[in-house]
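In what follows, a single structure is set out as structure tokens and then discussed.
The values are calculated or read from the model by the stated rules, or taken from the named source; none is laboratory data. Just so you know, these numbers come straight off a predicted model, no measurement behind them. Every residue, glycine as well, gets a Cβ built from its backbone with ideal geometry; the counts of neighbours run over all protein chains shown.
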Amino acid sequence: TVYKFKFFAKMSSEKYISVSSTVYEFHAPIMGISTSFVKNIFLGKGVFNHVVPYPVDLSDEKREMIHLILGPTKKFMEEFNNPAENDEKEEVPIDILSKLAEIGALGALVPEEYDGAGLNNTQFARVAEVIGESDLSLAVVMGAHQSIGYKGILLYGTDEQKRKYLPDLATGRKFAAFCLTESGTGSDANSVQTHAEKSSDGRCYVLNGGKLWISNGSFADIFTVFARTQVKDKDGTSKSKMSAFIVERSHGGITTSIPEKKMGIKGSKTVEVHFDNTKVPVDNLLGAEGEGFKLAMNILNNGRFGIPAVCTGSMKFCIQKTIEHISERGQFGRKLKEFGNVQEQLTDMVLRHYATESLLYMLSGLMDKGTVDYELEAALAKIMASVSYVFTNAVLLFLVEITYYILSILKIKFKKKKQNF
């Protein structure tokens, strides 16, 4: 199969000029062309029309909305939230979450009709960047709540379910958690053992089982839970398949463990959640019976772009602090920024940030434009962002002599700012 492509570069005059014309030949399998640029590569096809020109779905009104939200968010993160204290106490105070809710950050993607901010994915990514730049623990709490916690209701809920749950979740009156992982279920999501059986009167499901590593599980009011149910196939046979449920803590039979001790993001509480004969009304089935695996994968794919968003913000913070330090610190009669090995490491940091940020906004742009098949792009963006740990190593190398004093400095800085708040 022969595919012809013409590449274009966008000039400052907003006109396009041709910079090359290339013919690519692939021995492609007999399969249809996907809307996913990455998947097409695996199919042996080079299709660029979804990523060239760069996908952006931001009107002037949407751009203005970003500025209106980012200002209060940045002010809040700088003057009110204390990341060092959150980490030390291993929790994000409820008043911090309430303040975030007031500026619309907990219902960013929820339509205005359900009391949300009505942002698109690109706008939300900018907000998540600001949160990640300041406090990754808070970013995880926020993401676990809306990127996956109640995302199933937003994507697959009935009108009645949306009206019932989204207003409280979008405004921070209630919080959500996503319950999929179990002791024997991680990447193999379809092997969950938690099960739900219909009651004899058919009015509810009786849920039993346990979930591991549940962010927000200790204080969540609403849980998106995945459990096995008996589903009748077209041939009349009964099979055990995964289904999804909206479970309220008030349904009873829900207990949580003490929070896990972690090496990082300590302000985000991670717990086990157990369900013991929890009665869930049949109206709280999310989607159709037996469709739980599909829902779980789509929820995770949809929410996955939140990780590169917060990591991009964190990377930006690291770069800024490193530049400040190497510009001020001197050794052997020269500033650190004048040494070639320092320049090389900083260049690597900037390149990684640029690549991650580009993947992030390509992904959010594709999602905003209605592209359905973006799971591989989401996975790539997450992987690229996840390796940003190299930034931590580089920053520690640059700031080695003050590393042990960073938390104290942050605390003093916060106390001074809070006095002026």
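Values for this structure:
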read-out	value
Qualifying residue in the range 206-224 (condition: basic (K, R) and within 19 Å of L154 (Cβ to Cβ))	no
Residue in the range 85-93 that is surrounded by fewer than 22 Cβ atoms within 10 Å (Cβ to Cβ), of a type in the set (A, V, I, L, M) and either more than 19 Å from the chain's Cα centre (by Cα) or at negative phi (or both) present	no
Pairs, first closer than 13 Å to N82 by Cα in the range 117-137, second part of a loop (DSSP other than H, G, I, E, B) and among the polar types (S, T, N, Q), C-beta under 7 Å, six or more apart	S134/N81; D135/N81; S137/S268
Residue check, T278 farther than 29 Å from A139 by Cα and either in a strand (DSSP E or B) or outside the structural domain of D168 (by the TED database) (or both)	yes
2 or more residues of a type in the set (D, E, K, R): qualifying helices (runs of 4 or more DSSP H) within the range 98-179	121-134, 159-170
Matching residues, the range 143-180, being buried (at least 17 other Cβ atoms within 10 Å of the Cβ), β-branched (V, I, T) and out of contact with any helix residue (DSSP H, G or I) (no Cβ under 6 Å at 6 or more places or on another chain)	none
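To keep it simple, each residue is scored yes or no on (1) under 19 Å from V390 (Cα atoms); (2) of a type in the set (A, V, I, L, M); (3) modelled with pLDDT of 90 or more; (4) touching a Leu at 6+ places or on another chain (Cβ under 6 Å).
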| site | (1), (2), (3), (4) |
| --- | --- |
| V310 | yes, yes, yes, no |
| K321 | yes, no, no, no |
| G340 | yes, no, yes, no |
| L351 | yes, yes, yes, no |
| L363 | no, yes, yes, no |
